Amino acid sequence: MNQKRLIDLTKEDLLENQVWEYWMAGNIEYVRASGKTEVTEDSNATHIVVTDFIFNNKTKHLGFCSPQEPGGLDRIQPVVLTPRGQVEFYKENEWAECEKTRAFVKLGFDVKDVFPLTYTTRVKFDRKLYSGTLSDFNEEQ
């Protein structure tokens, strides 16, 4: 498969190929399907992998994250895919209330329905599935 912008990645793409190679060029994020079935820390490329999210209201959602560099949210970058677009749970700056409101509109839920949420990769990172819990935007538990 040819490259595509990360913002254009769909649920169907993730279900067809569970691991995607990621890179930036000219301030644009790109991905392309990878033949990998597992991700390792010593890889020369950065990857994103299909990830399951379970919101506080017990609804299940599909998205992706990058478990290759475990650490803080700045490395994992969890994202849920919705019919209204991608919803990131981490950004470098503080979240303004209007940004949170837009995210909840995309998700179709309010804060008590979403947080805390859990996420688990479907692809192993160094032979283990990677998981975590978010208590709010930019906040891990």
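The values are calculated or read from the model by the stated rules, or taken from the named source; none is laboratory data. As the structure is a prediction and not an experimental result, all values here were calculated from the model. Here the Cβ is made from the backbone with ideal geometry for all residues, glycine too, and neighbour counts use every protein chain on show.
Would you check if S131 is at pLDDT below 95 and either among the hydroxyl-bearing types (S, T, Y) or in a loop (DSSP other than H, G, I, E, B) (or both)? For S131, the condition - at pLDDT below 95 and either among the hydroxyl-bearing types (S, T, Y) or in a loop (DSSP other than H, G, I, E, B) (or both) - is met. Taking the condition of a type in the set (S, T, Y), at pLDDT 95 or above and surrounded by fewer than 15 Cβ atoms within 10 Å (Cβ to Cβ), does T10 pass? Yes.
From the set of residues in segment 44-56 that are part of a loop (DSSP other than H, G, I, E, B) and in contact with a strand residue (DSSP E or B) (Cβ under 9 Å, 6 or more places away or on another chain), which is surrounded by the most Cβ atoms within 10 Å (Cβ to Cβ)? First the steps, then the outcome.
Here is the first cut: in segment 44-56, the ones part of a loop (DSSP other than H, G, I, E, B) are 44-45, 55-56.
Subset that is in contact with a strand residue (DSSP E or B) (Cβ under 9 Å, 6 or more places away or on another chain): 45, 55-56.
Details: A45: 12, F55: 19, N56: 15.
The qualifying residue surrounded by the most Cβ atoms within 10 Å (Cβ to Cβ) is F55.
Scanning segment 125-141 for residues that are closer than 27 Å to D42 by Cα and over 15 Å from the mean Cα position of the chain (by Cα) yields D126, R127, K128, Q141.
Filtered by the rule that a residue be closer than 11 Å to F64 by Cβ and either assigned to a strand (DSSP E or B) or modelled with pLDDT under 95 (or both), segment 18-41 gives V19, W20, Y22, V31. V19 passes every criterion in (1) surrounded by fewer than 12 Cβ atoms within 10 Å (Cβ to Cβ); (2) among the β-branched types (V, I, T); (3) touching a residue at least 40 places away in the same chain (Cβ under 8 Å) apart from (1).
One residue stands out in segment 75-115 among those that are part of a strand (DSSP E or B) and surrounded by 15 or more Cβ atoms within 10 Å (Cβ to Cβ): the one that is nearest to the chain's Cα centre (by Cα), namely V79.
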